[in-house]
Structure formats: structure tokens, C-alpha cells
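Following: one structure in C-alpha cells, then a few remarks.
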Amino acid sequence: MKKYDVWGLGSPLLDFIVEVDEGILAEINLQKGEMHLITADESRAIMKKLDKYEVKTAPGGSSANTLAGVSVLGGTAVFLGKIGNDKNGGIYEQKTVEHGVESKLSRHDSAGTGHAITFITPDSERTFATHLGAAVHFRQEDVFEEEIKNSKILHIEGYQLEDPALKETCIYAMECAKRHGVKVSIDLADPALVGRNVVSLKELVLKYADIVFVNELEAKAFTGKGELEALHEIYDMCETAVVKLGNRGSLIKADDTFYRVSAHETAVDNTNGAGDAYAAGILYCLTHGIDMERAGRIASYIAAKVVAGTGARLSHSIADEIKDL
């Protein structure tokens, strides 16, 4: 028996969530709907501009959000990443455990815990200004091969596959997974990141990935094709391909079978974390022998639960709620 359903690594980021009009994005020079890496000085300048806004704080990071989703569905998950030896790091680790995820977070003494300033515009779209902080210091020695061996799936966020040192760490983890027959899941995470790294990402997907998640913009950036053609092309590289379409549902191809999944209807408060929650639903189902048609319904349900709230993840179990889906 494997100890973990999903073993994930990524950037542990505290989310500073703020609702704004689109004008503030233009003022700060941020492209709506994308993730932008910023320095500590740029972060301080942005936060100063947000003095008059209400800013909420919550644990975040794409992979971490997905692992929390696996946990609230009833699965077992462990998260690795690097946090600072600071107050924010302590808050982050505490919240990780409270959300039912086993923490294997390591500390860095000279860099603070990373954060993402998350802008929610009136159309519920989210835009990120991200300072990675200690997260960029995550290294191979922080990865435990024996724990990967004791997991069903290794999940990696695309944000880890751009920085050369982080990419090297991920490759080591994926090599460990391959040695022990552990499935590798990759969420490509951001269309701009995909566009900048499309050649290397295709090489990594072809060599390591069993499960690939993209949204329609990432699918276009990755293949140059529309969502359906992109799905088929990505499926040719892996075992399970998923294209997330927001309120239009999703497309899945697995075992040479195509599935079109409807979105679960709900009132949308913000889209932050919806794709991460959807991925959690699919990974939970893959590790619990649930057929893909039902997996799509469960994934859509948890994504809908997240977008109906203000944060990027749920804090309570919904295992009982999915029994009849």
C-alpha cells in the first residue's frame, strides 16, 4: 500500500488577495490573467499602492492548492517546497497542516517566504504579481526519493519548470518517479510561461508526463492549436490529457476515449484556484479507481465550490458531498 495518493512539489506562496478595477493593473503594468514575477522592491511598491484596498491573506501556490483539494476530497497528500524562516513561513506551514496536507516544507534562513499579490477584477479573472522569495532555493537535497516511491502520483506545477535550478530539482523528482513506477502529473500553469518555454516543456512532457493539465490559453501556447486539436496532440504525449475551459467545462482524453465535461453551475466569486481544484478532482479519482466520466463530474464540482468562495482552496471536507456524483 502506498502512503500517499499525491506527492507534490511547488512554490509555497502566501496569497495577498485584493479586489480591484482593471485600471490598477494598467497602472502597475500587469497583463490581466497572467502571472508576473516581481522583485521584493517591486512587491513593496505595489503593496504601497494598495494601501486603500482591503487585502485578504490565504495560503496559495498552484501545486499546494491542488494537494489541499485532494485532501478535502478524502485523499492523502504531502507537499514539498521552501519557505522562509519567518512569521509568514510559520503561518503557511500551519495552514498547510490545517488543510489536511502533510508538510515536508524546508526553511531558508536568508530569504523570506514567497507571496503572490492576487488581483481579482470585476469579471472574476485573477492576475498575479509573484515574489518567489525562499521558494527559488528549493533544491534536490530537499527531495526524498523514498517518499516519492511511496506515492501513487507525483504532481508538479509548471511554474517550477522555468527557473533552471528549480527545473533541475523537478527533473530529479521525475526521474525518481519513473524509477519506481510513480505516475507524473504536470499542470502547465500559465500561458505566458508556456510561450516562453514551449520547446523545453514539450521535451519534459514527452519524456516524463503521464497526466497533463492545461487551460485553453495554455493549450494554444503549447500546441498552436485550438482546444480540441490541442487536446488530441497533448494526449499523443501522455496517458491522460485535460483542457480546462472555465465556465464551458473541460475536455479530457484518456484510454483513447474522449470526454466533454460540463461545468458545475454556481455563482462565481473569483476564479483563483479553480484550475488547481479541478486538477485535484482528477488526481483524486485516478488514485481511487474512479472512472474518468465520473472523475470529470467530481473535478467540476470541487472547482465550482472554490470559485463560489473568496480563496483559492476549501478548508472543509467534501468527501460526503461527492458520493452521489
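The values are calculated or read from the model by the stated rules, or taken from the named source; none is laboratory data. Every value quoted in this text rests on a predicted model; they were computed, and no experiment measured them. Counting neighbours? That spans all protein chains shown, and the Cβs are built from the backbone with ideal geometry, glycine included.
The table below lists the values:
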{"quantity": "Top-ranked residue of segment 40-68 - restricted to ones that are touching a helix residue (DSSP H, G or I) at 6+ places or on another chain (Cβ under 9 Å) and among the aliphatic types (A, V, I, L, M), ranked as farthest from Gly273 (Cα to Cα)", "calculated": "Ala45"}
{"quantity": "Top-ranked residue of segment 113-143 - restricted to ones that are part of a loop (DSSP other than H, G, I, E, B) and touching a residue at least 60 places away in the same chain (Cβ under 8 Å), ranked as surrounded by the fewest Cβ atoms within 10 Å (Cβ to Cβ)", "calculated": "Pro122"}
{"quantity": "Test: residue in segment 190-210 that is within 29 Å of Lys3 (Cβ to Cβ), within 16 Å of the chain's Cα centre (by Cα), at pLDDT 95 or above and not aliphatic (A, V, I, L, M)", "calculated": "no"}
{"quantity": "Segment 170-213: number of residues that are hydrophobic (A, V, I, L, M, F, W, C), within 15 Å of Glu239 (Cα to Cα) and surrounded by fewer than 16 Cβ atoms within 10 Å (Cβ to Cβ)", "calculated": "1"}
{"quantity": "Count of segment 236-263 residues which are loosely packed, with under 15 Cβ neighbours inside 10 Å and of a type in the set (Lys, Arg)", "calculated": "2"}
{"quantity": "Long-range neighbours under 6 Å by Cβ, at least six apart or interchain, first residue more than 12 Å from Tyr284 (Cβ to Cβ) and touching a residue at least 12 places away in the same chain (Cβ under 8 Å) within segment 54-83, second of a type in the set (Asp, Glu) and surrounded by 24 or more Cβ atoms within 10 Å (Cβ to Cβ)", "calculated": "Ala58/Asp15; Gly60/Asp15; Ser62/Glu157; Ser62/Asp276; Ser63/Glu157; Asn65/Asp276"}
{"quantity": "Helices (runs of 4 or more DSSP H) fully within segment 1-91 counting 1 or more residues that are more than 16 Å from the chain's Cα centre (by Cα) and among the hydroxyl-bearing types (Ser, Thr, Tyr)", "calculated": "40-49"}
{"quantity": "Count - residues of segment 144-166 that are crowded, with 16+ Cβ neighbours inside 10 Å, outside any strand (DSSP E or B) and among the charged types (D, E, K, R)", "calculated": "4"}
{"quantity": "Unmet requirement for Ile17, which otherwise passes all of (1) touching a residue at least 60 places away in the same chain (Cβ under 8 Å); (2) over 26 Å from Gln94 (Cα atoms)", "calculated": "(2)"}
